[in-house]
Amino acid sequence: MDSALLVKQVNLSMIPEIITIPLRHMASGDCLSLQVYKFRGSQPGKKVYIQSNLHGAEIAGNTVIHHLIKFLQNSKDTDLVGEIWLVPVCNPIGTNERSHHFASGRYCTYEGKDWNRIFWDYEKETNDLSRFVQSQLQFPVEVIRKNYLRKIKEKFTAANQVTQSSGIPYTKKFRYQLQSLSIDADYLIDLHSSSNQGLTYLYYFRDRQDSAKYFQLDFGILLNKYDGDAFDEAFIKPWLALESALQGLGRNIQFDVEAWTLELGTGMQINPKSVAMGVWGIKNYLVHKGVLQTPIDSPGNSNSHAMSLKSRTTDTRYYAPRGGMIQLQVELSREVKTGDTLYQIISFNKEGKLPTVINIVAQQDGLVYDVATNQVVNEGEYVLATI
Ligand SMILES: [Zn+2]
């Protein structure tokens, strides 16, 4: 075959580069690792980073990534512009943790930290943003993006030395590994679910509502109130801060940098509908962003609705006012009105009296989007949420 023919050859299936990264050496002598599947298209373009299972019980995203791996394997390299990096089971400690039958891996119990509140946030570390913005005003967007990313990476490397002779806490090494894989991505997708029973929706950030709708999930929640040091926040907050600073000096720029947390249904379960919605939503998003060039199958009429967008400030979480047994009066996805009964508590006592039933009503109108799996509560424990 002559070289001209070779150049024209299209790979009818893509083979990912698979990188295994040692993560933690355990007391038993075993070693935990991360594994990254890197698919690269025939043309350069955006970098997409997708991970799943940062919280131990939130497993549906692993199945979504498996579907994406199969889909990309069966695609041509000309169908992909840029690259997609996939990291399933991104937190092996969390994934493997059990308490009897239950997957309880939301926290690093050794350090007492939520696995998704540990990430390094450049915005908190930088104090020369206004000086940087002044120096960039005359440059085109792409040059500003490159210069800013270089600054983030330099500071990230300096602030996250993982090879100190005195050693570092594990959460710092863990965050370093995940953020060093993703810090230069254009689009970042973190796949979660409820730890309890939840709908299929996403969290999105300021000015990204048009892209949010490409996912076509049940609804989207604007993160206008931060949890602090979550994976998606730590990734995008520096870019939002840069946009605000530029705007303050009269340049309106929106960088094509986006972060999403998808919530794929119920914890400890792989709900086929949530998985199908997640897979289709991600593909549809990537088609609209020009990363995937393939037409994708329509999911049918059920997904053809306009995705509704909500604000986190209307989120109401209900906590038990007394201990007892929960009798749920509403189910997931119910729209409730102020004053509707949400649940009842059968409350026992040790005062020589008969048990009582307490009625809990909705404080405001909203959609029931998350419900506790456990129907027994101590006072102050979580029961359900509306938005
Ligand atoms: Zn989570």
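On full extension, the segment bounded by residue 139 and residue 42 gains 32.0 nm, given 0.36 nm per residue less the C-alpha separation.
Among residues other than residue 139 whose Cβ falls under 12 Å from its Cβ, what is the net charge (Lys/Arg +1, Asp/Glu -1)?
Residues close to residue 139 contribute a combined charge of +2.
The charge dipole of the chain, taken about the Cα centre with unit charges on the Cβ atoms of Lys, Arg (+1) and Asp, Glu (-1), comes to about 420 debye, rounded to the nearest 20.
In terms of its C-alpha gyration tensor, segment 9-314 comes out rounded, because the ratio a/c of the largest to the smallest axis stays below 1.5. Atom-type composition of the exposed protein surface of the chain places 50 percent of the accessible area on carbon and sulfur (1.4 angstrom probe).
A 1.4 Å probe over all protein chains sorts 89, 36 by accessible area into 89, 36, starting with the largest. Per-residue extension of 0.36 nm, minus the Cα-Cα distance of residue 149 and residue 252, leaves a gain of 35.2 nm for this segment.
Solvent-accessible surface (1.4 Å probe) assigned to residue 379 amounts to roughly 140 Å².
Computed from Cα atoms, the angle from the helix 141-159 axis to the main principal axis of the chain rounds to 70 degrees. In terms of accessible area, using a 1.4 Å probe and ignoring ligands and nucleic acids, 101, 67, 55, 288 rank largest first as 101, 288, 67, 55.
Most simply put, the chain has about 65% antiparallel DSSP beta bridges, counting only bridges with both residues inside it. Reducing segment 49-120 and segment 225-269 to their Cα centroids gives an inter-centroid distance of 19 Å.
In order along segment 86-96, the phi-based Karplus estimate (6.51 cos²θ - 1.76 cosθ + 1.60, θ = phi - 60°) of 3J(HN,Hα) comes to 10, 10, x, 5, 6, 9, x, 4, x, 4, 8 Hz; Gly and Pro are listed as x.
Solvent-accessible surface of segment 316-386, averaged per residue with a 1.4 angstrom probe and all protein chains in place: 57 square angstrom.
In the full protein context, segment 9-314 carries 45 Å² of accessible surface per residue, based on a 1.4 Å probe and ignoring ligands, DNA and RNA. For residue 337, the lysines whose Cα comes closer than 21 Å to its Cα, not counting residues fewer than 8 places off in the same chain, are 310. Here residue 311 and residue 358 are evaluated by their C-beta separation; at R0 = 30 Å the FRET efficiency comes out at 0.50.
Sorting 110, 203, 319 by accessible area (1.4 Å probe), largest first, what list results?
Sorted descending by solvent-accessible area, the residues read 110, 319, 203.
As a length-normalised measure over Cα pairs under 8 Å and 6 or more apart, the relative contact order of the chain settles at 16 percent. With respect to the chain, whose longest principal axis is taken over its alpha-carbon atoms, helix 272-288 is tilted by about 30°. Rolling a 1.4 Å probe over the protein heavy atoms leaves residue 182 with an accessible area of roughly 0 Å². On the beta carbon distance between residue 104 and residue 12, with R0 = 51 Å, the FRET formula returns roughly 0.70. Calculated mean residue ellipticity, 222 nm, the chain: -8500 deg cm²/dmol, from DSSP H runs (n ≥ 4) at -39500 (n - 2.57) each, averaged per residue and rounded to 500. Relative to the longest principal axis of the Cα atoms of the chain, the long axis of helix 231-248 makes an angle of roughly 70 degrees. Each Lys and Arg contributes +1 and each Asp and Glu -1, all at the Cβ; summed about the Cα centre of segment 316-386, the dipole is approximately 220 debye. Rounded to the nearest 10 square angstrom, residue 31 shows an accessible area of 80 square angstrom against a 1.4 Å probe.
Here residue 375 and residue 27 are evaluated by their C-beta separation; at R0 = 41 Å the FRET efficiency comes out at 0.65.
The values are calculated or read from the model by the stated rules, or taken from the named source; none is laboratory data. Here the structure is a predicted model, which means the values were calculated and not measured. Counting neighbours? That spans all protein chains shown, and the Cβs are built from the backbone with ideal geometry, glycine included. Side chains included, ligands, DNA and RNA excluded: accessible areas come from the protein's heavy atoms. Shrake-Rupley method; radii C 1.70, N 1.55, O 1.52, S 1.80 Å.
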